[in-house]
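The values are calculated or read from the model by the stated rules, or taken from the named source; none is laboratory data. Computed from a predicted model, the values in this text were never measured in an experiment. Don't worry about glycine lacking a Cβ; one is built from the backbone with ideal geometry, like all the others, and counts go over all protein chains shown. SASA here: full protein model, heavy atoms, side chains in, ligands and nucleic acids out. Shrake-Rupley method; radii C 1.70, N 1.55, O 1.52, S 1.80 Å.
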Amino acid sequence: MMESYLNENFEVKSKNSSEEALQRWRRLCRVVKNPKRRFRFTANLSKRGEAAAMRRTNQEKIRVAVLVSKAALQFILGVQLSDYKVPEEVEDAGFEICGDELGSIVEGHDVKKFRHHGGVNGIAEKLSTSTTEGLNNDTELLNRRQQIYGINKFTESAATSFWVFVWEAFQDMTLMILGVCAIVSLLVGIATEGWPKGAHDGLGIVASILLVVFVTATSDYRQSLQFRDLDKEKKKISIQVTRNGYRQKMSIYELLPGDIVHLAIGDQVPADGLFVSGFSVLIDESSLTGESEPVMVSSENPFLLSGTKVQDGSCKMLVTSVGMRTQWGKLMATLSEGGDDETPLQVKLNGVATIIGKIGLFFAVVTFAVLVQGLVSQKLQQGSLRSWTGDDALELLEFFAVAVTIVVVAVPEGLPLAVTLSLAFAMKKMMNDKALVRHLAACETMGSATTICSDKTGTLTTNHMTVVKTCFCLNSKEVSSNKDSSSLCSELPEPAVKLLQQSIFNNTGGEVVINQNGKREILGTPTEAAILEFGLSLGGDFQGERQACKLVKVEPFNSTKKKMSVVVELPGGGLRAHCKGASEIILAACDKVLNSNGEVVPLDEESTNHLKDTINQFASEALRTLCLAYVELENGFSTEDPIPVSGYTCIGVVGIKDPVRPGVKESVAMCRSAGITVRMVTGDNINTAKAIARECGILTDDGIAIEGPEFREKSQKELLELIPKIQVMARSSPLDKHTLVKHLRTTFGEVVAVTGDGTNDAPALHEADIGLAMGIAGTEVAKESADVIILDDNFSTIVTVAKWGRSVYINIQKFVQFQLTVNVVALIVNFTSACLTG
């Protein structure tokens, strides 16, 4: 009966619970002993309402600003702005524009002011910065800039002191009643029996109250410190910044107006700013405005708002406003007070505490009634019902104290908080084991996980990649050392080498830079770094190639297209498109190939079969394969035109080695013995995926490996038979991953944990019971959608999280059973004792 009542009224989801469900259990727990303590770690729904209202306001403000800026463009040539007056303190600091003016330009999308101040370059000059070199790292200059424009942090509530927790512990209704009883007992006792004999009972009650208060406050204070430490870890976000001419990683909280920030797919825009340069930049502003339609940012619409996400493309941004000068800063200050959703177990235990509280209150009233009835009966027998003495008053007070004590002892008011403390302890331990838990509920849910859908690259493998095999001009060669690469360079025709270097150094999302120590450093994803390293080993010059060719258009890599393309303007004139990506996809777009002499020849059946066999051979050796190709474009090509998808000439194929992480095979076996099924979901070639899966122990003889396109074509009936057997899904799209997770959860009743690192993984992470984002390779979008961040990107850490989840769940169950047993026994003992006394 109790279980059905709890399921009906105290049921919430482990994530994304409806507001109605959160409100329902709060209404049922309205009357509690200490509301401040009981509801300390539950979501503040009123603050969330304020945040939602702020989003709606932002949406309207930005919509109006865009309309105004469009209208302004029509009249901008004929209108002169009144001269802007630079505030004296800003001028004295060496700047020519103030924070308020910068804020009004970006937040208001004010094109007139933007043009009036000279566009991006003019504003950069007024901020005493360079769009190429960035800020000077001189500490005194940075401090001066910080004093004028502020820091990139939003206002947070001050840390709660220990004495506040003591005061909150005193707010317990039953303790306050006992406190009144103690005072009355002291007054009456001293008046009738004198000091110190008459004070014994009253002081005993006071000592008990103080003991309870200080033990409770100490426990709560320690818990709050743990949560504060975890919050600090959650906020550690780094971004690529250029300062002093060097590109470096920096915390977003160190950013200042004038900084040059490099943004790529999946990054969160860390401050308000202006677009400097870049390609195909799409911004998702839904987190700030609630508007789901992405916004194209370019030199015509250069405004970037803090807190928005880069959905596609890459760019450089000039920071203009930081911290509380941005709408995101104000929104985050409100959201931080909203808190996290309470966990299902917390809500259930609140329900249990409420039910037992009502039972305890009933027994307390009955006990008091029985004791009073006993006293009245005694006085009736003695015939002294009309004469009441001080001793009688003390006895009545004692009866009342006994009744209140029954409520104190019997009601497990601290039970939900004790569970929160257990979860917080587990979160701290998981943090030491390289797993940052973002939501408390994940600690509970991970303990009941039955399926883990894991990425391959960087999770099951080390993510340290090197090119070890190649096939250029239809000739395969092993290149596991620089000597092999030099040999390859001498064997290939010179035109083919030049074409290869042009493709590698222009069609890349990475960069080769000289760091502050004067050493060469390769920036970018491990795949990009491996290919750039290979290009350098061929004797290539990254900066020379980039300066020789002008980038006209870039289509960055994403997991849907599985390729990256660029259009470059050649030194001698003419346009050429380079493309690289999944081997079978790029090869299908080719109709020509470079032969052994470096000449372009038609791609006949024999050459196609040779390349396909090479790709399969590389893949069966657990190598990632990428194909490189190019196509000459006609002079009429416009940046508005899409980059061609066919007619390419195949330059060749590279095989990249990414070794399996040590200990993964043992971790997979441990999962299987614990009843957890591990599935690999990857965008790689199916042969590569199968080879790695066998090495890890994921793919067994009775398991199925399937490609995403084939999975998509299956009917509902076929999926019901197929999904339980799937152990590897290769060439999968984000939608395939989402579909697999959804079916496992809804159709098969599995509790699913999913790993992800890319922007497009966000839907699957959101759909899963537990979303696990990668801390090193993961984008900010993926991390924000996740429940747990795996700080070392290691599959073994995921297994550790599952262990902790099970341990926490079992310990909480045992603790709850023990606590409830103690409470029930205490209730029975107190009630029986009181009745016998009465």
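Residue count for the range 553-582 satisfying the condition of being assigned to a loop (DSSP other than H, G, I, E, B) and either in contact (Cβ under 8 Å) with a residue 60 or more places away in the chain or of a type outside the set (A, V, I, L, M) (or both): 8.
For the criterion of being at pLDDT below 95, among the acidic types (Asp, Glu) and farther than 28 Å from Val568 by Cα, Glu621 passes.
Annotation note: Cβ proximity below 7 Å between a residue of the range 496-521 that is assigned by the TED database to the domain that holds Val554 and small (Gly, Ala, Ser) and a residue that is assigned to a helix (DSSP H, G or I) and open to solvent by less than 60 Å² (accessible area, probe 1.4 Å) (sequence gap 6+ or interchain) occurs for Gly509/Glu528; Gly510/Glu528; Gly510/Ala529; Gly510/Leu532. Here are Val631, Val653, Val660: which of them is crowded, with 16+ Cβ neighbours inside 10 Å and either within 30 Å of Asp792 (Cα to Cα) or small (Gly, Ala, Ser) (or both)? Being crowded, with 16+ Cβ neighbours inside 10 Å and either within 30 Å of Asp792 (Cα to Cα) or small (Gly, Ala, Ser) (or both) holds for just one of Val631, Val653, Val660, which is Val660. Would you be able to say whether some residue in the range 544-552 is open to solvent by less than 30 Å² (accessible area, probe 1.4 Å) and closer than 27 Å to Asn685 by Cα? The answer is no; no qualifying residue exists. Across the range 298-306, a minimum of one residue is classified as of a type in the set (D, E, K, R), closer than 29 Å to Ile97 by Cβ, at pLDDT 70 or above and open to solvent by 50 Å² or more (accessible area, probe 1.4 Å). With the requirement that a residue be part of a loop (DSSP other than H, G, I, E, B) and either of a type in the set (A, V, I, L, M, F, W, C) or open to solvent by 40 Å² or more (accessible area, probe 1.4 Å) (or both), what does the range 360-384 give you? Of everything in the range 360-384, just one residue is part of a loop (DSSP other than H, G, I, E, B) and either of a type in the set (A, V, I, L, M, F, W, C) or open to solvent by 40 Å² or more (accessible area, probe 1.4 Å) (or both), namely Gly383. Each residue in the range 553-588 was checked for being out of contact with any Leu (no Cβ under 9 Å at 6 or more places or on another chain) and open to solvent by 60 Å² or more (accessible area, probe 1.4 Å), and 7 of them qualify. Among the residues of the range 740-794, the ones that are surrounded by fewer than 24 Cβ atoms within 10 Å (Cβ to Cβ), of a type in the set (S, T, N, Q) and within 12 Å of the chain's Cα centre (by Cα) come to 1 in all.
For the residues Leu623, Leu719, Leu699, the requirement of being open to solvent by less than 60 Å² (accessible area, probe 1.4 Å), of a type in the set (A, V, I, L, M, F, W, C), in contact with a helix residue (DSSP H, G or I) (Cβ under 7 Å, 6 or more places away or on another chain) and touching a residue at least 60 places away in the same chain (Cβ under 8 Å) singles out Leu623. Can you tell me which residue in the range 191-214 is surrounded by the most Cβ atoms within 10 Å (Cβ to Cβ), limited to those that are without any contact (Cβ under 8 Å) to a residue 12 or more places away in the chain and among the aliphatic types (A, V, I, L, M)? So the residue we want is Leu210.
Let's see how each residue does on (1) closer than 30 Å to Ser314 by Cβ; (2) open to solvent by 10 Å² or more (accessible area, probe 1.4 Å); (3) in contact with a Lys or Arg (Cβ under 9 Å, 6 or more places away or on another chain); (4) among the β-branched types (Val, Ile, Thr):
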residue	(1), (2), (3), (4)
Thr457	yes, yes, yes, yes
Glu478	no, yes, yes, no
Ser490	no, yes, no, no
Ser503	yes, no, yes, no
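Scanning the range 107-134 for residues that are in a helix (DSSP H, G or I) and open to solvent by 30 Å² or more (accessible area, probe 1.4 Å) yields Glu107, Lys112, Lys113, Arg115, His116, Asn121, Glu125, Lys126. Evaluation of Thr525 against the conditions (1) over 26 Å from Thr132 (Cβ atoms); (2) open to solvent by 30 Å² or more (accessible area, probe 1.4 Å) shows that the sole unmet condition is (1).
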